[in-house]
Every structure is written in C-alpha cells, then in structure tokens.
Amino acid sequence: MNNLSLPSTKIVKAMTLNEMEVALAQEKKSKRTNTIFILTGIIVFLLMGGLVYNIHAKGQITKEVTKLQAINGKLTEENNKLKEQLAAPPVVKEEKPAVSIIYHHIQSGDNFAVLSKKYYGTEVFAVSIAKINGLPKTAQLQVGQILQIPKEPDPSWQK
C-alpha cells in the first residue's frame, strides 16, 4: 500500500464577503497590536539599557568625586599650613656679627699658644685658633705661613 501523506488541510469555513472583511479587519488590528507590543518591548529594552549605563556611569563619577574630595582635603590642609606660616611673626635669625680677622704671618718661634697669648692675653684659646685654620693643635707652623685670628675670641670657645 502506498502511504501518501496529504498535506494537512485547513478547514475552510465558508464566509460571506462581509464576514471576510470583518475577519481581515480583525487580522490587521491583531498585526498592529503585535507590532505595538514589539515596539514597546524594544523601547523598554532601550530604556533599561540606558538606565544600566547611567547607573554604571554614576558609579564612575562617584569614584572620581571621591578622589577629588581626597585631593581637595590635602590641598585645604596645605593651604591652612601656609596661612599659619604667613600669620606667624617672621622668624628672625640671630645673626652673629661679622668677625674681624687678623691675618698673622708666622715668624720664627710662633705656635698656637704663643699666638693665643699675644692676641688674647692667655694661652687658653690655642686649640681654637688651630681649629679656625683647619689645623691640628700639634701642627708645626712654617715661617711665612698666614693664619686667620679673630680680633676677639668667640664666647663659645670657653665652653
């Protein structure tokens, strides 16, 4: 037996022209409704995508704002310190008066003790004279060598 399958057939209902026009109008209305639903779905999808993007962008903006607030805090702190420095009375450095120097030419028999006694009336400042000239206190002085000797001993030498 030959199995022929027949295409499924739809049952066609006999309709009047008026019924066909109504059925066609309903089908058009149904297609419009489906199109509206599809367009509404697309619009909702786009709006949701935009919302998600805005939320993400807002998170990035929040991070940037936080960074900028931290920088602003540091700058404000630095600014306040500078204002305090400007408001404080100026620091006056105590300047030592210029020391008058004698340039002594070494002669035979001179040593630091002799020079201290000659210029200050005591041998106590012999080591200080050596230090001022960058020499050890036991240095052998050469005739003609020039040493710097302050006209007056520095008060710190007596300590």
(request) State which residue is farthest from the chain's Cα centre (by Cα) when the search covers only the stretch 113-128 and only residues that are crowded, with 17+ Cβ neighbours inside 10 Å and polar (S, T, N, Q). (result) S116
(request) Could you tell me which numbered condition D110 fails, if it satisfies all but one of (1) surrounded by 10 or more Cβ atoms within 10 Å (Cβ to Cβ); (2) of a type in the set (D, E); (3) assigned to a helix (DSSP H, G or I)? (result) (3)
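Quick note: the coordinates plus some simple rules give every number you see, no bench work behind them. Source: prediction; values computed, not measured. Because the Cβ atoms are built from the backbone with ideal geometry, glycine has one as well, and the counts that use them run over all protein chains shown.
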